[in-house]
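What follows is a set of notes on a single structure, which appears directly below.
The values are calculated or read from the model by the stated rules, or taken from the named source; none is laboratory data. Owing to the predicted nature of the structure, the values given are computational and were not obtained by experimental measurement. Quick reminder, even Gly has a Cβ in these numbers, built from the backbone with ideal geometry, and neighbours come from all protein chains shown.
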Amino acid sequence: MADNLSDAGPVSEPLDLVKLLLDELVFVKLRGDRELKGRLHAYDSHCNLVLGDVDETIYLTEEDDEEDNSQEVRTVSRKSEMLFVRGDSVVLISPAPSR
């Protein structure tokens, strides 16, 4: 990713920031307690995304016992080679945190 925003041209609209993330590893938060981490290949004005080499994490909440109303969070992970994400489910797009 460019270290200096002026190298990529002017940023005048929010989606101009997404343009800087093309071909970069991104973190995408979706509605329904889902998260994606993958390489951004394409996007459009509706925030539809095409991601490659995707790691998807789904957070499932399960009730342990009805007496004390406690909940347990379980995660399910899966990988996809290529994924299309509909824009109306996207909550956040950001550069993936480096480990």
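For this structure, a couple of remarks:
- Test for residue 45: is it at pLDDT 90 or above, touching a strand residue (DSSP E or B) at 6+ places or on another chain (Cβ under 6 Å) and either of a type in the set (Gly, Ala, Ser) or not in a strand (DSSP E or B) (or both): no
- Breaking point among (1) more than 20 Å from residue 13 (Cα to Cα); (2) touching a helix residue (DSSP H, G or I) at 6+ places or on another chain (Cβ under 6 Å); (3) loosely packed, with under 15 Cβ neighbours inside 10 Å, for residue 46: (1)
- Yes/no for residue 60 being modelled with pLDDT under 95, loosely packed, with under 15 Cβ neighbours inside 10 Å and aliphatic (A, V, I, L, M): yes
- Taken over region 63-99, the criterion of being part of a strand (DSSP E or B) and at pLDDT below 95 is satisfied by 63, 64, 65, 70, 71, 72, 73, 74.
- Contact map, region 78-89: residues that are in contact (Cβ under 8 Å) with a residue 40 or more places away in the chain paired with residues that are loosely packed, with under 12 Cβ neighbours inside 10 Å, Cβ distance under 6 Å, separation 6+ or inter-chain. Pairs shown: 87/46; 89/31.
- Annotation: of all residues in region 9-43 being touching a helix residue (DSSP H, G or I) at 6+ places or on another chain (Cβ under 7 Å) and surrounded by 14 or more Cβ atoms within 10 Å (Cβ to Cβ), the one that is nearest to residue 81 (Cα to Cα) is 43.
- The numbered conditions (1) closer than 25 Å to residue 10 by Cβ; (2) assigned to a strand (DSSP E or B); (3) of a type in the set (D, E, K, R) are all true for residue 23 except (2).
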